[in-house]
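Chemist: The structure that follows is given in the form of structure tokens.
The values are calculated or read from the model by the stated rules, or taken from the named source; none is laboratory data. Keep in mind that this is a model prediction, so the values were computed, not measured. As a convention, Cβ positions derive from the backbone with ideal geometry for all residues, glycine included, and neighbour counts pool all protein chains shown. All accessible areas refer to the heavy atoms of the entire protein, side chains included, with ligands and DNA or RNA removed. Shrake-Rupley method; radii C 1.70, N 1.55, O 1.52, S 1.80 Å.
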Amino acid sequence: MATIELQELTRRFGDVVALDSLELEVASGEFVSLLGPSGCGKTTALRIVAGFEWPDSGRVLVAGRDVLDLPANRRNMGMVFQAYSLFPNMTAQQNVEFGLRVRRRPKHDRSKRAAELLDLVGLAAQKDRYPRQLSGGQQQRVALARCLAIEPSVLLLDEPLSALDAKVRVQLREEVRRIQLELGITTLYVTHDQEEALSVSDRVAVMSSGRIEQIGSPAEIYGHPRTPFVASFVGTMNHLEATVVSSAAGKVRCGPAVLDVGLSAASHSDGDVVTMYVRPEHVHVVALAPGQDMPPELFEGKVTSLTFLGPVTRVGIASALGGLLADVSSSMALSLAIDSTVGVSIEAGSLRSLALT
Amino acid sequence: MTTPAVLADGLPGDVGRKRAAISRRGQARRGGRTRFPLWSWFWIGFAALYFLVPVFSLVQFSFGGTLANGRSAGFHWFLAVFDDPAFRSSFWLSAQIAFETVALSLLLMVPTVFWVHLRLPRLKPVMDFVSVLPFVVPPIVLVVGLEPFLQNFTWLYSRPEVLPFIYVVFALPFLYRSIDAGLRAIDLRTLSEAASNLGASTFGALARVVLPNLRSAVIGGSLLTFAIAMGEYTIASLLLFNTFPVYIFYIGQGPAAHEATALSVISLLLTWIAMAALFVIGRGGRETAQLGVTK
Amino acid sequence: MAAVGTIEPAAGEPSVGPPSVGPPSEGSPSGSALQWRRGARTWLRWIGVVPFFGYLAIFLLIPTGELVVDAFKGPTGHFTGANVSAAVHAPYLSSFETSLELSALSALFGGILGVFVATAVLHRGVPAALRPVVFTFSGMASNFAGVPLAFAFSATIGTGGVLTGLFQHLGVDLTTLVPLTSGVIGLSLVYTYFQFPLMILLVIPAIDGLKREWREASTNLGASTISYWRYVGLPIILPSLLGMMLLLFGSAFSAYATAYALSGSTGNLVPEVIGNLLNGNITVDPQLAYALAFGMIVIITVVLVCYSLLQRRASRWLR
């Protein structure tokens, strides 16, 4: 299998910079997602690798070889498009055979290989159906089988699940991952859906304005966002304005409270104004019994909103620290009411500033 | 497209040079990739020549020739044509017929297309088919068939007012297509239901909500209809009415070849003014349509 | 009229149009009074299209029907097959041959040139700003027919024409190579003038219907441009293309003014012969004119039947 390297890839459309000196390395057999909002350049990057777009400058190496010289139809890459890419005049089987047909492989080989792949994606029984007789999810399975048929060096997926229903989406993304692991094929996956990216990838590259903001394992991206963009784009984040009291002791002041943030303050000087981040699941809420005094280790807060999300309920709280969101178990949330006073605490070590360099 | 070298100019020092170096390599390579679409331009150029050369020849001819006093003609043929009372009467006859055709076909087509969209959507395939009929129905066959029938109505048959009634049939495809396209774009059913929910009657809703939206489609179709009615020769000549095209033909048969080309240029200009207006309206329509899409 | 017969199956075919929607306000269907009312409303719904179809009946259907009957009548009103028999024998058979040849040639020229230009205009490397310009010019040229067009071509490749003069310097005589007043080659070039822009207007939506993803997927799978068109593009749009070329064929077959203005009373196309028989350029024989017109109706009907079959076929993959 092959590695992919993007080196200083730059692409402008008029005044818009789609890619700004993009650098990315994908190891052999690795599954890397490009995650970002629309217009961040992720699709442009993928289409440059596939050969449908060209960079103004930079290089694309696949297995160490520069592929920008090669026309798209000689790059031997498998690409799955957003939707509707199946040839409507061919059955599922004929679609899968197409790449082998233009390579003039014998009929017998073609149908054998197509049968294997349709079996792999679980559509052996539907091989004689036309695309319009298949559901959206089935169509994307056929599209996947079709590009795997040519034994591509790399697999490129351009938001392949975005046109599908939520349930099919979850099921299919797991299947894509299973097949990718089974074949060990190097995969570049473009999506704007963070849950999708975090759940299937070896590494996620979060993109914004044509650059990679941060690249790392899903856990790193979620747990240790390094830029404000990543912090606010991936998952939900509370932002707190704070002043560094003591960088050595790791203390910041936020409203009336002095909070212990540990090493996170180390890169700042005393007196700096910083933004501290904390995830809602690290904000704890305690319902107070009537007449009960506020325990000293808790801050006082007032419930402003309750949003039921299934296993957890997201609680909006107005507190002296500012507005906060907290995730509490839905059973516990039953004891909360809008406008009720609650005690709030922030889990030790979960509050951090971004290491800005 | 901006060249990478120009882009690199704006960058300071080292980075600029490095980028420029990379760009130059990219540039050299790109020769093999985005090829100049030679064949596309060839066909476009060929089509443009096919379109323009006869027009050019016609125009040249209409200004060509020399007069008895040895001077070149210039606008002479045009002026001569304008002076001919037969020109004026045939021209106004055609214009009048064209206006009547537009009015009559709007009266017939607008309510029908609305009705089909609102109440009988399953009739659309039939309408689509019927609307291509006049493309292929020979005007001469229609005249041959209509003549005995029209002779029963001598008061109409002997007057040029009979022509608009026949031209409506030939204008049908153009008007139908443009109104149909206009209605497709605005989802009539939802609009009229929304309006009825708000308390407007269906036809009140049509008048206030839908018609303004449809203005450009209706004007466009009308312009085409006008151009077609203005240029129709077969039926008018066989029914012996001296319309503008019949007059051009008559002049062309005589010795006045230059006058005939001058008349053709006038006729051509008329059609083109209609088409150019259509282009302007169409562009306006597209812009409003785009506005609806972008957030 | 036979052409109308082809409408019926299209009306009953639900897959052609958008899914038929029930009456906008669905009530509960129970109760015979309600059912009666609904039946009345269904019936009422057809009232709105009565003027239109009534009009078409008077100005399209009745004349055609009358003509078909008259084609089989003698000068004294008795029924006879003599006219039709004369129409399909010499010398009139050759008129049909010439007309068919001319229509086929100009549909072929116009169709192919139109497809090439349309594909060229939609090419990625050609600026999109060119599209509305080509649209407008196509609208102009497709409506530039009849007497002025005939004069324009006379001024171009006729005796003393601009191109004729130019080619004379090269030793080529255009008036014998592409004569405008005899044969079909010159005339088919004239017809192509309005045929190919018409084809551009007709075919651009169909070519636009080919999704970019199909092209890219086929490229990605290793197909060349030729393979793409061979296996994907052409199979999908071929029915539409053929249908449109049939329309071009029909419009060329019906055209009269352009040819008549070029060749006068010597023309041998069916419409010209009919015209001559009616206005007495040679002889007046309305019965024979009816028979020839009947022949044209038969051919146009065949064209329309094939067209609607192709349309149905085309809607299978392009919607």
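Chemist: Looking only at the stretch B:134-150, filter to residues that are facing chain C (nearest Cβ under 7 Å) and in contact with a Leu (Cβ under 8 Å, 6 or more places away or on another chain); which one of those is most open to solvent (accessible area, probe 1.4 Å)? I'd like the intermediate steps shown before the answer.
Modeler: Of the stretch B:134-150, the ones facing chain C (nearest Cβ under 7 Å) are B:135-142, B:144-146, B:148-149.
Next, only the ones that are in contact with a Leu (Cβ under 8 Å, 6 or more places away or on another chain) stay: B:135-137, B:140-142, B:144-145.
Details: B:F135: 38, B:V136: 0, B:V137: 19, B:I140: 0, B:V141: 7, B:L142: 5, B:V144: 2, B:G145: 1 Å².
Restricting to residues being facing chain C (nearest Cβ under 7 Å) and in contact with a Leu (Cβ under 8 Å, 6 or more places away or on another chain), the top hit is B:F135.
Chemist: Scan the stretch A:99-113 residue by residue and report those that are in a helix (DSSP H, G or I) and without any contact (Cβ under 8 Å) to a residue 24 or more places away in the chain.
Modeler: Correct list: A:R101, A:V102, A:K107, A:H108, A:D109, A:R110, A:S111, A:K112.
Chemist: Against the definition (hydrophobic (A, V, I, L, M, F, W, C) and open to solvent by 40 Å² or more (accessible area, probe 1.4 Å)), how does B:F75 come out, yes or no?
Modeler: Here the answer is yes, as B:F75 does meet what is asked.
Chemist: Of the residues C:R131, C:R124, only one is of a type outside the set (G, A, S), at pLDDT below 95 and more than 30 Å from B:A277 (Cβ to Cβ); which?
Modeler: Result: C:R124 is the single residue among C:R131, C:R124 that is of a type outside the set (G, A, S), at pLDDT below 95 and more than 30 Å from B:A277 (Cβ to Cβ).
Chemist: Can you tell me which of (1) closer than 19 Å to A:L118 by Cα; (2) of a type outside the set (K, R); (3) in a strand (DSSP E or B) is the one A:I215 doesn't meet?
Modeler: (1)
Chemist: So, in the stretch B:227-242, how many residues would count as being open to solvent by 20 Å² or more (accessible area, probe 1.4 Å) and within 14 Å of B:S90 (Cβ to Cβ)?
Modeler: Final tally of qualifying residues: 6.
Chemist: Taking the criterion of being part of a helix (DSSP H, G or I), surrounded by 18 or more Cβ atoms within 10 Å (Cβ to Cβ) and more than 23 Å from the chain's Cα centre (by Cα), would at least one residue in the stretch B:83-100 satisfy it? Explain how you work it out, then say what you get.
Modeler: Step one: list which residues in the stretch B:83-100 are part of a helix (DSSP H, G or I), which gives B:83, B:85-100.
Checking which are surrounded by 18 or more Cβ atoms within 10 Å (Cβ to Cβ) leaves us with B:87, B:90-91, B:93-94, B:97-98, B:100.
From what's left, more than 23 Å from the chain's Cα centre (by Cα): B:87.
Looking through the stretch B:83-100, at least one residue is part of a helix (DSSP H, G or I), surrounded by 18 or more Cβ atoms within 10 Å (Cβ to Cβ) and more than 23 Å from the chain's Cα centre (by Cα).
Chemist: A further question on this structure: Quick one: C:L241 ticks every box in (1) within 28 Å of B:P54 (Cβ to Cβ); (2) modelled with pLDDT of 90 or more; (3) open to solvent by less than 10 Å² (accessible area, probe 1.4 Å) bar one, so which box is it?
Modeler: (3)
Chemist: Given (1) within 7 Å of another protein chain (Cβ to nearest Cβ); (2) part of a loop (DSSP other than H, G, I, E, B), identify the lone condition not met by C:R124.
Modeler: The failed condition is (1).
Chemist: Looking at (1) within 13 Å of another protein chain (Cβ to nearest Cβ); (2) of a type in the set (D, E, K, R); (3) under 20 Å from C:S218 (Cα atoms), which one does A:R129 not meet, given that it meets all the others?
Modeler: Against the list (1) within 13 Å of another protein chain (Cβ to nearest Cβ); (2) of a type in the set (D, E, K, R); (3) under 20 Å from C:S218 (Cα atoms), A:R129 comes up short only on (1).
Yes/no per residue for (1) at the interface with another protein chain (Cβ under 8 Å from one of its Cβ atoms); (2) assigned to a helix (DSSP H, G or I); (3) modelled with pLDDT of 85 or more:
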{"site": "C:F137", "(1), (2), (3)": "yes, yes, no"}
{"site": "C:M140", "(1), (2), (3)": "yes, yes, no"}
{"site": "C:L149", "(1), (2), (3)": "yes, yes, yes"}
{"site": "C:A155", "(1), (2), (3)": "yes, yes, yes"}
{"site": "C:G160", "(1), (2), (3)": "no, no, no"}
{"site": "C:G165", "(1), (2), (3)": "no, yes, yes"}
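Chemist: Criterion first (touching a strand residue (DSSP E or B) at 6+ places or on another chain (Cβ under 9 Å), free of Cβ contacts under 8 Å to residues at least 40 places away in the same chain and either within 14 Å of chain A (Cβ to nearest Cβ) or part of a loop (DSSP other than H, G, I, E, B) (or both)) does C:A217 satisfy it?
Modeler: yes
Chemist: Here's a check for you: in the stretch A:245-294, which residue that is more than 35 Å from the chain's Cα centre (by Cα) and among the polar types (S, T, N, Q) is least open to solvent (accessible area, probe 1.4 Å)?
Modeler: Result: A:S246.
Chemist: Within the stretch A:295-311, how many residues are in a loop (DSSP other than H, G, I, E, B) and open to solvent by less than 80 Å² (accessible area, probe 1.4 Å)?
Modeler: Selection size over the stretch A:295-311: 3.
Chemist: Further question: Looking only at the stretch A:319-345, filter to residues that are part of a loop (DSSP other than H, G, I, E, B) and open to solvent by 60 Å² or more (accessible area, probe 1.4 Å); which one of those is nearest to A:G255 (Cα to Cα)?
Modeler: A:A320
Condition check ((1) open to solvent by less than 10 Å² (accessible area, probe 1.4 Å); (2) among the hydrophobic types (A, V, I, L, M, F, W, C)) across all residues:
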{"residue": "A:W54", "(1), (2)": "no, yes"}
{"residue": "A:V62", "(1), (2)": "no, yes"}
{"residue": "A:L70", "(1), (2)": "no, yes"}
{"residue": "A:S85", "(1), (2)": "yes, no"}
{"residue": "A:N95", "(1), (2)": "yes, no"}
{"residue": "A:K107", "(1), (2)": "no, no"}
{"residue": "A:S111", "(1), (2)": "no, no"}
{"residue": "A:E116", "(1), (2)": "no, no"}
{"residue": "A:L120", "(1), (2)": "no, yes"}
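Chemist: Cβ-Cβ distance below 9 Å, separation of 6 or more or different chains: which pairs start in the stretch B:54-69 with a residue that is on the phi > 0 side of the Ramachandran plot and end on one that is at pLDDT below 90?
Modeler: Pairs found: B:G65/B:S72; B:G65/B:A73; B:G65/B:H76; B:G65/B:W77; B:G65/B:A257; B:G65/B:H258.
Chemist: Here are some residues: B:R71, B:R25. Which one is more than 11 Å from chain C (Cβ to nearest Cβ) and modelled with pLDDT of 70 or more? Quick ask: steps written out before the conclusion?
Modeler: Details: B:R25 fails: modelled with pLDDT of 70 or more.
Criteria check complete, one pass: B:R71.
Chemist: Residues in the stretch B:208-219: is at least one within 11 Å of chain C (Cβ to nearest Cβ) and surrounded by fewer than 24 Cβ atoms within 10 Å (Cβ to Cβ)?
Modeler: no
Chemist: While we're looking at this one, here's another question. Can you find even one residue in the stretch A:51-58 that is within 24 Å of C:I237 (Cβ to Cβ), modelled with pLDDT under 95 and touching a strand residue (DSSP E or B) at 6+ places or on another chain (Cβ under 9 Å)?
Modeler: yes
Chemist: Check the stretch B:274-286 and report whether any residue there is over 30 Å from B:N213 (Cβ atoms), part of a helix (DSSP H, G or I) and facing chain C (nearest Cβ under 8 Å).
Modeler: Within the stretch B:274-286, not a single residue is over 30 Å from B:N213 (Cβ atoms), part of a helix (DSSP H, G or I) and facing chain C (nearest Cβ under 8 Å).
Chemist: While we're on this one: Please verify whether the stretch C:188-209 includes one or more residues that are more than 19 Å from C:L108 (Cβ to Cβ), facing another protein chain (nearest Cβ under 7 Å) and either open to solvent by less than 10 Å² (accessible area, probe 1.4 Å) or not in a helix (DSSP H, G or I) (or both).
Modeler: no
Chemist: Can C:L177 be described as facing chain B (nearest Cβ under 9 Å) and farther than 14 Å from B:F56 by Cβ? Don't jump to the end; show me each part of the working.
Modeler: Working: facing chain B (nearest Cβ under 9 Å): no; farther than 14 Å from B:F56 by Cβ: yes.
Taking the combined requirement at face value, the residue does not satisfy it.
Chemist: Something else about it: Of the residues C:G264, C:G233, C:G222, which single one is surrounded by fewer than 22 Cβ atoms within 10 Å (Cβ to Cβ) and not in a helix (DSSP H, G or I)?
Modeler: Numbers: C:G264 fails: not in a helix (DSSP H, G or I); C:G233 fails: not in a helix (DSSP H, G or I).
Being surrounded by fewer than 22 Cβ atoms within 10 Å (Cβ to Cβ) and not in a helix (DSSP H, G or I) holds for just one of C:G264, C:G233, C:G222, which is C:G222.
Chemist: Sticking with this structure for a sec: Can B:E100 be described as within 30 Å of C:Q287 (Cβ to Cβ) and of a type in the set (D, E, K, R)?
Modeler: Here the answer is no, as B:E100 does not meet what is asked.
Chemist: Inside the stretch C:236-247, can you point out the residues that are within 23 Å of C:G139 (Cα to Cα) and either at the interface with another protein chain (Cβ under 9 Å from one of its Cβ atoms) or in a loop (DSSP other than H, G, I, E, B) (or both)?
Modeler: Residues satisfying the conditions are C:L246, C:L247.
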